[in-house]
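Let me begin by presenting the structure, written as structure tokens, before commenting on it.
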């Protein structure tokens, strides 16, 4: 039986989740700027509560971004440290995809426009459609001004993520939205399970962040 550990620190939320013997457990907290202090203790507590040794983990999944640059780097550092020590593979998962998967889990929606506030007057944007319980990307993820976002044609769309806080500035309309939604390790775990079944795990060296924005240090030119 596969044992997968998932973690995420890419936004204000910090979360961990575990699949073991077919049972899923998780812990989730919204703790801005405390991820570095809280993540490892959360993992340790989750494993202890589940009676699972870290050495029993077959692979480690993580939110690889887009999201807060510091948060994504924290996840990468912890994942690589654990994966190298355990000699285990990793499963990178998009945080936008995790938002979409969370909307599927919580609301049963089949098409989700995921948006994370990217600051600098932009949003991280991706549109997803459910296939056999897995949210899959349509087109590509991007960082873009709110006014320039687009939805694929057809069907009803649900908006998920802090990017929807831009409200009417977003150039599209959806049936419903949850502008408070943050990625959850539960949904990273779910997406990682599909990836694991397809043999998509990679070595620890390939645990790399995805920022979408090329220049992360210089303010956008006016």
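The values are calculated or read from the model by the stated rules, or taken from the named source; none is laboratory data. For clarity, every value in this text was computed on a predicted model and none was experimentally measured. Quick reminder, even Gly has a Cβ in these numbers, built from the backbone with ideal geometry, and neighbours come from all protein chains shown.
Values computed for the structure shown
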read-out	value
Test: residue in the stretch 69-84 that is outside any helix (DSSP H, G or I), touching a strand residue (DSSP E or B) at 6+ places or on another chain (Cβ under 6 Å) and touching a residue at least 40 places away in the same chain (Cβ under 8 Å)	no
Scope the stretch 114-131; condition over 16 Å from residue 94 (Cα atoms) and either under 19 Å from the mean Cα position of the chain (by Cα) or surrounded by 19 or more Cβ atoms within 10 Å (Cβ to Cβ) (or both); matching residues	119, 122, 131
Residue tally, condition farther than 15 Å from residue 111 by Cβ and under 22 Å from the mean Cα position of the chain (by Cα), over the stretch 138-154	7
Residue in the stretch 170-192 that is at positive phi and more than 13 Å from the chain's Cα centre (by Cα) present	no
Single residue of 36, 17, 48, 61 found to be in contact with a helix residue (DSSP H, G or I) (Cβ under 8 Å, 6 or more places away or on another chain), part of a helix (DSSP H, G or I) and either modelled with pLDDT of 95 or more or in the same structural domain as residue 198 (by TED's automatic domain parsing) (or both)	36
Evaluation of residue 90 against (1) out of contact with any strand residue (DSSP E or B) (no Cβ under 8 Å at 6 or more places or on another chain); (2) assigned by TED's automatic domain parsing to the domain that holds residue 199 (one fails), failing number	(1)
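For (1) within 16 Å of the chain's Cα centre (by Cα); (2) surrounded by 20 or more Cβ atoms within 10 Å (Cβ to Cβ), each residue gets a yes or a no:
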residue: 82; (1), (2): no, yes
residue: 85; (1), (2): no, no
residue: 112; (1), (2): yes, yes
residue: 136; (1), (2): yes, no
residue: 156; (1), (2): no, no
residue: 161; (1), (2): yes, yes
